[in-house]
Amino acid sequence: MRDQWNREIDYLRISITDRCNLRCRYCMPEEGVTWFEHSQILTYEEIIRLCRIFYELGICKVKVTGGEPLVRKGVPWLIRALKESCHMEQVTLTTNGVLLKEQIGGLVEAGLDGVNISLDTLNREKFLEITRRDQLSEALDGLSEALRYPELNVKVNCVPAAYNLDEVTAIAGLAKDDPLTVRFIELMPIGQGRNKDGISEEKILGLLEQKYGVLCPYDGNMGNGPAHYYELLDFGERSASSAPFPINSAESATGCG
């Protein structure tokens, strides 16, 4: 499928819930929001029906997102149906990681190809400040468990801002010894991010090079959105598919998933 500018469209994001177990400051107000009634969101059967139609139109990659998708029951069933009934070549999931440790085995067994874990800090107090929930250990356990599956493409999504700028290099360091990709995603000044201080790509690059040395531009494509890719040659042996630092200068981080 191609759009009016002749760009190939083969990727679809599906939000399966608006609900979330965190209250990230750039995503929603502290008191939360009014959730949709269950009858107002797509059933799994409706999602499968739509994805069969999308497949016929040329869509072959699906990302399951939310809210936090893992708060909805039956996600492994959906993953399996997307792979087997809808013939999707790639099915991935975006999550905050809090519920991932308990569910990742079933998700991988169902055919999940990759997981993106949102992680803006490695500091417990700062995690509580950003997410308004004291669950950093659960998120890190989810990340560790995901790394136990070598067939799974694991990515960490970080939204750099004034409140976590000092942790950009530490989060990037997660890619030094483990087979994962770190992605820095722009905080767009709209919605809950309107009054937050986003960080420029140039600033992030400067911090990374000051800590780790020269970043080498990577010409390959590792995702389905606009990004600039870089890798560090001393970050161990890794394939092109795990080059560590996409900087998504045009991707919004104003909502969950």
- Within the range 27-48, considering residues that are of a type outside the set (Val, Ile, Thr) and touching a Cys at 6+ places or on another chain (Cβ under 9 Å), the one surrounded by the fewest Cβ atoms within 10 Å (Cβ to Cβ): 32
- All positions within the range 139-180 that are polar (S, T, N, Q) and over 19 Å from residue 235 (Cβ atoms): 164
- Item | Residue that is modelled with the lowest pLDDT [pool: residues in the range 82-132 that are of a type in the set (Lys, Arg) and out of contact with any Phe, Trp or Tyr (no Cβ under 8 Å at 6 or more places or on another chain)] | 132
- Note on the structure: Those strands (runs of 3 or more DSSP E) completely within the range 40-136 that have 2 or more residues that are closer than 20 Å to residue 174 by Cβ and either free of Cβ contacts under 8 Å to residues at least 60 places away in the same chain or within 20 Å of the chain's Cα centre (by Cα) (or both) are 90-95, 114-118
- Considering (1) surrounded by 22 or more Cβ atoms within 10 Å (Cβ to Cβ); (2) of a type in the set (D, E, K, R); (3) part of a loop (DSSP other than H, G, I, E, B), say which one residue 155 fails and leave the rest. (3)
- Message: Checking the condition touching a helix residue (DSSP H, G or I) at 6+ places or on another chain (Cβ under 7 Å) and either closer than 30 Å to residue 202 by Cβ or of a type outside the set (Lys, Arg) (or both), which residue from 170, 161, 139, 146 passes?
- Response: 146
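The values are calculated or read from the model by the stated rules, or taken from the named source; none is laboratory data. From a predicted model like this one, the values you see are computed outputs, not experimental measurements. Note that we place each Cβ from the backbone using ideal geometry, even for glycine, and neighbour counts take in every protein chain shown.
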